[in-house]
């Protein structure tokens, strides 16, 4: 359906967008926080203890930090090195989408699945704003693929690889990995009636591999928490790390206990999905609705040409996470592979059954999405953060010429849908990764101040803060967490620099401290964008300042 030349050309462009994002400054909070936690592992040569600032960290297991620390060991402590494991995990996820799509349908569906997965907005974002979800998503779909291969072919190596992938995913974010893998697999078994595959000695061997895979993480939890019942974690003593990760973690997320409640909106993930799966959202919604109608008409009877894994997995898991009291947009990332395969199968069926009328409508929708992306791109490049270099105009013009060529090229409608949708993602995220984010991050005080520290050759050992407010970006780019000292303790220190906001500077003045050297940078919470900030005429009103002062 799609030529190998075009397919690999599009994939190459997507990977280039990923690579462009590798070298962008880390985002606060999560990316910079996790990067610092992994950095401390390497610097302190302690790979079993997770520390968040000054607190013991129980919330998530160790695998993401271990992979980042391994990358630091190989490449050095750099922002791009931190992102490498996440990007490789996403590529593993794309390959797994191809494999699972091919297994459930055919090679063309597998190809489309990988392409849709790699260009879904939240997946592209996860390669630059790298959190635990990148590793979780990649190894979860890898595990599902391998376990379904075992169910279909009864092969030992597939069930062992599936168990390994499940172990890595579980060691990355806990029980949610097993819930997604388990429900997806159960949906497939229930539909195909191949329950006998569970009554096999190979399953016992797979459980052993899974146990071995998660044992380093369990041992790390045991060392940090179970051996120290005196530690107070979230206001409680006698916290067992092993019991937490094996039982308590997901219940805390569902109830909001411990981590807090941030949303009781049952439809949170529905309206989140509308943007996280762009530019494929409409295709996915139609695919899901029609698949639901098909299964309902068939009374869920087995038909070899259909599969229930993606539809069933999406339905059950979406409902499950919607009841959680603590929700964040990237929590839906783990379902994106299932959406990608379902959407790809629908697009393939439209072409296979020559439903040209529906394809024309979808093409019109994708043209509309592309036009919105085009308008947004122009606003970003010529209004929000204006281009300053001539080569930026040349690159943008070249990309627009290529997109215009494919818009006007006479070819099959389904091929236009695929190509133009991918180019929508490339245009949007190419501009974001190479222009918007670098410009935006100039207003992230921590990373900006770290550059000032380097320019002025300020010893990082001499920098302190007088509150426990997190300073992840400054910590990472200084390659040293900022020390904490009370105002009383500062009196006994010499050659001290204080990193502070306006209020803290007033507190220092009130306490009798003075300084003559002061460096000030702008500060804005860049992950919480506002219209008034994006508007250059009102931006200054939304900015705060952070200061670095040299006490006399």
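The values are calculated or read from the model by the stated rules, or taken from the named source; none is laboratory data. This structure is a prediction, so every number in the text was calculated from the model and none was measured. Virtual Cβ from ideal backbone geometry, glycine too; neighbours counted across all protein chains shown.
Values computed for the structure shown
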read-out: Cross-chain or 6+ apart pairs with Cβ under 6 Å, the range 1-16 first and closer than 15 Å to residue 402 by Cα, then modelled with pLDDT of 90 or more and assigned to a loop (DSSP other than H, G, I, E, B); value: none
read-out: Test: residue in the range 86-98 that is closer than 30 Å to residue 234 by Cα and either surrounded by fewer than 21 Cβ atoms within 10 Å (Cβ to Cβ) or assigned by TED's automatic domain parsing to the domain that holds residue 174 (or both); value: yes
read-out: Flag if residue 210 is in contact with a helix residue (DSSP H, G or I) (Cβ under 9 Å, 6 or more places away or on another chain), under 16 Å from residue 47 (Cα atoms) and not in a loop (DSSP other than H, G, I, E, B); value: no
read-out: Given (1) crowded, with 17+ Cβ neighbours inside 10 Å; (2) under 15 Å from residue 216 (Cβ atoms), number of the condition residue 49 does not satisfy; value: (1)
read-out: Evaluation of residue 291 against (1) more than 26 Å from the chain's Cα centre (by Cα); (2) at pLDDT below 90; (3) assigned by TED's automatic domain parsing to the domain that holds residue 177; (4) surrounded by 15 or more Cβ atoms within 10 Å (Cβ to Cβ) (one fails), failing number; value: (2)
read-out: Positions within the range 517-532 being touching a helix residue (DSSP H, G or I) at 6+ places or on another chain (Cβ under 6 Å) and under 13 Å from residue 444 (Cα atoms), in sequence order; value: 521, 522, 523, 524, 526
read-out: Flag if residue 315 is surrounded by 14 or more Cβ atoms within 10 Å (Cβ to Cβ), out of contact with any helix residue (DSSP H, G or I) (no Cβ under 6 Å at 6 or more places or on another chain) and more than 22 Å from residue 428 (Cα to Cα); value: yes
read-out: Qualifying residues in the range 367-379 (those that are under 25 Å from the mean Cα position of the chain (by Cα) and touching a residue at least 12 places away in the same chain (Cβ under 8 Å)) - the one nearest to residue 283 (Cα to Cα); value: 369
read-out: Qualifying position, being in contact with a helix residue (DSSP H, G or I) (Cβ under 8 Å, 6 or more places away or on another chain), surrounded by 22 or more Cβ atoms within 10 Å (Cβ to Cβ) and assigned to a loop (DSSP other than H, G, I, E, B), among 128, 123; value: 128
read-out: Elements of type helices (runs of 4 or more DSSP H) contained in the range 331-424, each with 2 or more residues being modelled with pLDDT of 90 or more, in contact with a strand residue (DSSP E or B) (Cβ under 8 Å, 6 or more places away or on another chain) and surrounded by 15 or more Cβ atoms within 10 Å (Cβ to Cβ); value: none
read-out: Verdict on residue 151 being under 27 Å from residue 88 (Cα atoms), assigned to a helix (DSSP H, G or I) and in contact (Cβ under 8 Å) with a residue 60 or more places away in the chain; value: no
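Here's the yes/no breakdown for (1) closer than 30 Å to residue 226 by Cα; (2) outside the structural domain of residue 526 (by TED's automatic domain parsing); (3) at pLDDT below 95:
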site	(1), (2), (3)
4	no, yes, yes
9	no, yes, yes
13	no, yes, yes
28	no, yes, yes
36	yes, yes, no
45	yes, yes, yes
49	yes, yes, yes
52	yes, yes, yes
55	yes, yes, yes
